[in-house]
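To keep things clear, I will list the structure first and then write my remarks on it.
The values are calculated or read from the model by the stated rules, or taken from the named source; none is laboratory data. Keep in mind that what you see is a predicted model, and the values were worked out from it rather than measured. Glycine gets a Cβ as well: all are built from the backbone with ideal geometry, and neighbour counts include every protein chain shown. Ligands, DNA and RNA are stripped out before the accessible areas are found, and what is left, the full protein with its side chains, is counted by its heavy atoms. Shrake-Rupley method; radii C 1.70, N 1.55, O 1.52, S 1.80 Å.
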Amino acid sequence: PAPAPPPAPVAEVHLDPHELPKYWPVLQPRPPQGVNLPEGWSGPWDHEQRTPKEAAGDTFGFYFPVFNQAVPAILSLLESVRTHYPDSPVHVLQDGGFINFGAICTMPKYRCTFEQVAAENSRWNPHSWMLRLRKVAKMLKTTYVIYLEPDVIVRNRHRWPPSHDAGGIYDNFNPGLHEETIAYMQELGRRVNPCFKVRWRHFGLAGGSYFRTAAILDAFDGENLRQIDWRALYRFEGERVFSSDLAMHVALSARGYTVYPWRESAQKWNEEVKGGVQAQATFAQSWPAYNPLAAFEHNHKEHYGDQVPHEERELLRKHIPQMGDVWCHGCVWYEGPRLDVRSPMKQPQSWTVHPPPELSDEEFKYNPAMVKNEKHYPEGPSKDDVCFKTVYKPKTFYSLTKSSASVDDGTMTSRSEGAGVTTTTMKPSSVTAPSIPSSAGLPLLAQGPSWLVAQDGLVIDARPGATTSGGGVLIAQVVTVDGRKEWGGAAKRPGWVRAAIATNRNHARLHGHAMVIRWNPTLRFPPPWQEKMCDHKENAREIKNCWLNVERENFNWEKHQMMVDYLQSPQKFSHVLVLDADAVLVNHNLNVVQEMAQVLEDSGKQLFMTNEDWIGDISSKTRINGGLLFAKNTPWVLKLFQDMLDSHWYGPSGISNPRIGGSRLSGCASNEQLCIDGLRSRETFKEHVVIMPGYQYNCGTNDAAMKRLKAEDPTLKVLHFMGGAKSAATRALCTQGKDLTGDGPTGYGCAP
């Protein structure tokens, strides 16, 4: 327990602004005005910090694991997060309990995603905790993840940006780590980062802590977690080594990442310190975890017994099955090369503590000689603490590797900073996207399955037995909010968008497919080589128009990223169909997707594309349209889309060694359709790709096509309302002939 009481709230003070953006909230330097701290005092924050200008591109997601207790506090915290971080994704994870927050998460004031996982009491079982956090970080795709607990409050949006790889409470009220533990962490960390120093000898990674996503993806990878000698650490630290806040410090440090307290993460004291601001400041000298200006404060249990609002209480009545309670500490361990198989649990419903499994790899076992090399570094972190031998590249974001596609300039960066994942060499984008992503107006199911990528939404899953066996076909569409508002704004979608989605949903419903929409782009905007491309324009209007065009082209590349994401889905889809937002499956009498799969089977090909022969000229028969991409789930198809994405990332120079083989792959800098067309001459493309008539499978909208639709021409399977034809979609799909949306005139697709 914290050893001293909390003071009364301190009036907020303000910092002298120096080279900070006008919009950035600023604080005053310590000590606060009028407060005289003891001579020679050096506070925990008196080291180099990132400036708000450096952090302007950061994005934040929230991870909130829960059980069955403290429901009122959970709801209050979710609402606070929404107030101060309105655009940040929040993921609530139920660790085996029966309280169903799925319906709650659909309410605008909470707006979150929810999943229930098997009971593992993760907070006291390191493998379980970190593997789950890594999975959520991949889904959130933000620069940082902030971890929440039910006893945390959020006062305001943080003002001091994260400066390190992880940071939490300045918990010097807890006993420090043992010398052997610190020596072990430092030894392993220096194998990856020779300059690494353990700067924080406690832990404090409780609710309100931040974690850099790139560090999570590396340090919490099963391949690295399995190399930690938890049995030896248990001898030194006892049972507390299993707690999440200590175990995460170990895992991060073992990969050379810096953990140090964050000014915005504080601890609530249980009693009041009297004497005013001077006494409070003196008290904070000894216990810096006390900070009434911090955005996040831990140890608030006063709201656990509050009343749950009536509407929320009704939604919470629908319990989900409890998966068997687990309360043991250090009893859940995983094994295998990537820790993908759970070992049998020993006495899961007991307080008996079992020593961790023996580490088999002698190279990573604790050695007493490590202590001889251990030194104290009491000063705060420094930039000199970072000199990684190689830059870590998150494997899950399909970044380039030497074994796949080499990069001419030698840089190693992650393509999907997209939503914020960055490496130690990549600067955040200096360009602000013209649009703000929104899922408003989309018919997404309230509770999506865990296999969804990032913040994608499930429209329908009509696959027989999909919940148990997976497989089948996925229809995927990118439906964003563009800067020109052609696809809708923050509150409503235009009629053509709704009619197209509803018609494709109806086709999926009738023929047993799943359908997913990506509304929040995951790719970094723009790729680094495009950051200056609009600066040379003559005036503000031309610059704005340039960025609108760049945004539109990059949205098209998001289709390729969706293909890559879902070809690798644990659902093991047999085929993935990626459609433009204005491309519609209009022939419900046929299972069009199954027919396309049969074309691939009969031709011995793996990727189905179409030409533009519906235009009628000679060149249109040889020109590929990128609005329909239908793929069999094979390694070659995955490599092809990864290569195209990587080539686009590196701009005009492309990549020199594509995964599909052959010479340099370039020509993918701008339009994704031109990139595809440029691949046609390659032998491997001819061997694996079939080009079918767009007249049947991807027909542009003109008078002739509209007549064919009205006459129910059986050869018209996909109608593409490209360009100015979008305005005709609602009439064509809702009132011309029969209603293809299946929802009627007042349904989602056809309502005014």
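If the condition is being on the phi < 0 side of the Ramachandran plot and out of contact with any strand residue (DSSP E or B) (no Cβ under 9 Å at 6 or more places or on another chain), then region 52-72 contributes 52, 53, 54, 55, 56, 69, 71, 72. Of the residues that make up region 330-341, is at least one among the aromatic types (Phe, Trp, Tyr) and in contact (Cβ under 8 Å) with a residue 40 or more places away in the chain? Checked region 330-341: at least one residue is among the aromatic types (Phe, Trp, Tyr) and in contact (Cβ under 8 Å) with a residue 40 or more places away in the chain. Considering (1) crowded, with 17+ Cβ neighbours inside 10 Å; (2) more than 24 Å from residue 518 (Cβ to Cβ); (3) over 32 Å from the mean Cα position of the chain (by Cα), the lone condition that residue 534 does not fulfil carries the number (3). Taking region 705-721 as the range and being surrounded by 15 or more Cβ atoms within 10 Å (Cβ to Cβ) and either of a type in the set (A, V, I, L, M, F, W, C) or not in a loop (DSSP other than H, G, I, E, B) (or both) as the test, the residues that pass are 705, 706, 708, 709, 716, 718, 719, 720, 721. In region 732-752, the residues that are open to solvent by 50 Å² or more (accessible area, probe 1.4 Å) form Cβ pairs under 6 Å with partners that are at pLDDT 90 or above and among the small types (Gly, Ala, Ser), at six or more places apart or across chains, as follows: 748/502.
All conditions in (1) part of a helix (DSSP H, G or I); (2) out of contact with any strand residue (DSSP E or B) (no Cβ under 6 Å at 6 or more places or on another chain); (3) surrounded by 14 or more Cβ atoms within 10 Å (Cβ to Cβ) hold for residue 727, with the sole exception of (3).
Of all residues in region 605-638, those satisfying the criterion of being crowded, with 19+ Cβ neighbours inside 10 Å and touching a Pro at 6+ places or on another chain (Cβ under 9 Å) are 610, 611, 613, 614.
When you check residue 669 against the structure, is it out of contact with any helix residue (DSSP H, G or I) (no Cβ under 7 Å at 6 or more places or on another chain) and open to solvent by less than 30 Å² (accessible area, probe 1.4 Å), yes or no? Considered against the rule, which asks whether it is out of contact with any helix residue (DSSP H, G or I) (no Cβ under 7 Å at 6 or more places or on another chain) and open to solvent by less than 30 Å² (accessible area, probe 1.4 Å), residue 669 comes out as no. Would you be able to tell me the number of residues in region 287-312 that are free of Cβ contacts under 8 Å to residues at least 40 places away in the same chain and under 24 Å from residue 161 (Cβ atoms)? Qualifying residue count for the region: 1.
Sort through 350, 286 and tell me the only one that's open to solvent by 40 Å² or more (accessible area, probe 1.4 Å) and small (Gly, Ala, Ser). So that I can check it myself, show each step before the final result.
On the way: 350 fails: open to solvent by 40 Å² or more (accessible area, probe 1.4 Å).
Step by step, each of 350, 286 is checked, and only 286 is open to solvent by 40 Å² or more (accessible area, probe 1.4 Å) and small (Gly, Ala, Ser).
Taking the condition modelled with pLDDT under 95 and open to solvent by 20 Å² or more (accessible area, probe 1.4 Å), does residue 34 pass?
Values: modelled with pLDDT under 95: yes; open to solvent by 20 Å² or more (accessible area, probe 1.4 Å): yes.
Considered against the rule, which asks whether it is modelled with pLDDT under 95 and open to solvent by 20 Å² or more (accessible area, probe 1.4 Å), residue 34 comes out as yes.
Checking each residue in region 224-277 for being of a type in the set (S, T, N, Q) and touching a strand residue (DSSP E or B) at 6+ places or on another chain (Cβ under 9 Å) picks out 244, 253, 258, 265, 267.
Taking the numbered list (1) over 27 Å from residue 60 (Cβ atoms); (2) modelled with pLDDT under 90; (3) not aliphatic (A, V, I, L, M) in turn, residue 171 passes all entries but (1). Select from region 63-87 the residues that are open to solvent by less than 10 Å² (accessible area, probe 1.4 Å) and among the polar types (S, T, N, Q) and list them in ascending order. Within region 63-87, none qualify. Scanning region 558-566 finds one or more residues that are over 17 Å from residue 500 (Cα atoms), open to solvent by less than 10 Å² (accessible area, probe 1.4 Å) and among the hydroxyl-bearing types (Ser, Thr, Tyr).
Do any helices (runs of 4 or more DSSP H) lying entirely in region 588-697 carry at least 3 residues that are among the hydrophobic types (A, V, I, L, M, F, W, C), and which ones are they?
Numbers: elements: 592-603, 635-649, 672-678, 683-688, 694-697.
Where helices (runs of 4 or more DSSP H) fall fully within region 588-697 and carry at least 3 residues being among the hydrophobic types (A, V, I, L, M, F, W, C), they are 592-603, 635-649, 672-678.
The residue list 241, 259, 273 contains one member that is surrounded by fewer than 20 Cβ atoms within 10 Å (Cβ to Cβ) and touching a Phe, Trp or Tyr at 6+ places or on another chain (Cβ under 6 Å), which is 273.
Of everything in region 136-146, what is under 13 Å from residue 209 (Cβ atoms) and either of a type in the set (A, V, I, L, M) or over 14 Å from the mean Cα position of the chain (by Cα) (or both)? Give them in sequence order.
Within region 136-146, the subset under 13 Å from residue 209 (Cβ atoms) is 144-146.
Matches in region 136-146: 145, 146.
If the requirement is being surrounded by fewer than 23 Cβ atoms within 10 Å (Cβ to Cβ), out of contact with any Phe, Trp or Tyr (no Cβ under 8 Å at 6 or more places or on another chain) and not polar (S, T, N, Q), which of these qualifies: 120, 179?
Details: 120 fails: surrounded by fewer than 23 Cβ atoms within 10 Å (Cβ to Cβ).
From the options 120, 179, the qualifying one is 179.
For region 147-166, the set of residues classified as within 17 Å of residue 218 (Cα to Cα) and open to solvent by less than 10 Å² (accessible area, probe 1.4 Å) consists of 166 only. Screening residue 548 with (1) in contact (Cβ under 8 Å) with a residue 24 or more places away in the chain; (2) surrounded by fewer than 21 Cβ atoms within 10 Å (Cβ to Cβ); (3) in a loop (DSSP other than H, G, I, E, B) gives one miss only, at (3). Pairs needed: first member in region 349-362, touching a residue at least 24 places away in the same chain (Cβ under 8 Å); second member anywhere, among the polar types (S, T, N, Q); C-beta distance under 7 Å; at least 6 residues apart or different chains. From residues that are touching a residue at least 24 places away in the same chain (Cβ under 8 Å), the pairs are 361/227.
Residues considered: 644, 692. Of these, the only one that is in contact (Cβ under 8 Å) with a residue 12 or more places away in the chain, touching a Cys at 6+ places or on another chain (Cβ under 7 Å) and among the aliphatic types (A, V, I, L, M) is 644.
Could you tell me whether residue 126 is within 30 Å of residue 383 (Cβ to Cβ) and of a type outside the set (S, T, N, Q)? Steps first, please.
Numbers: within 30 Å of residue 383 (Cβ to Cβ): yes; of a type outside the set (S, T, N, Q): yes.
Yes.
Anything in region 236-256 that is closer than 21 Å to residue 148 by Cα and either touching a residue at least 60 places away in the same chain (Cβ under 8 Å) or of a type outside the set (D, E, K, R) (or both)? List them, or say none. Answer for region 236-256, where residues must be closer than 21 Å to residue 148 by Cα and either touching a residue at least 60 places away in the same chain (Cβ under 8 Å) or of a type outside the set (D, E, K, R) (or both): 241, 242, 243, 244, 245, 246, 247, 248, 249, 250, 251, 252.
With 582, 613 as the choices, which residue is touching a Gly at 6+ places or on another chain (Cβ under 9 Å) and within 16 Å of residue 504 (Cα to Cα)? Give the derivation first.
Values: 613 fails: within 16 Å of residue 504 (Cα to Cα).
582 is the lone residue from the list that is touching a Gly at 6+ places or on another chain (Cβ under 9 Å) and within 16 Å of residue 504 (Cα to Cα).
For region 267-283, filtered to residues that are closer than 30 Å to residue 78 by Cα and either charged (D, E, K, R) or in contact with a Lys or Arg (Cβ under 9 Å, 6 or more places away or on another chain) (or both), the residue that is modelled with the highest pLDDT is 268. Within the option set 205, 233, being more than 23 Å from residue 386 (Cα to Cα), touching a residue at least 24 places away in the same chain (Cβ under 8 Å), buried (at least 24 other Cβ atoms within 10 Å of the Cβ) and of a type in the set (A, V, I, L, M, F, W, C) holds for one residue only, 233.
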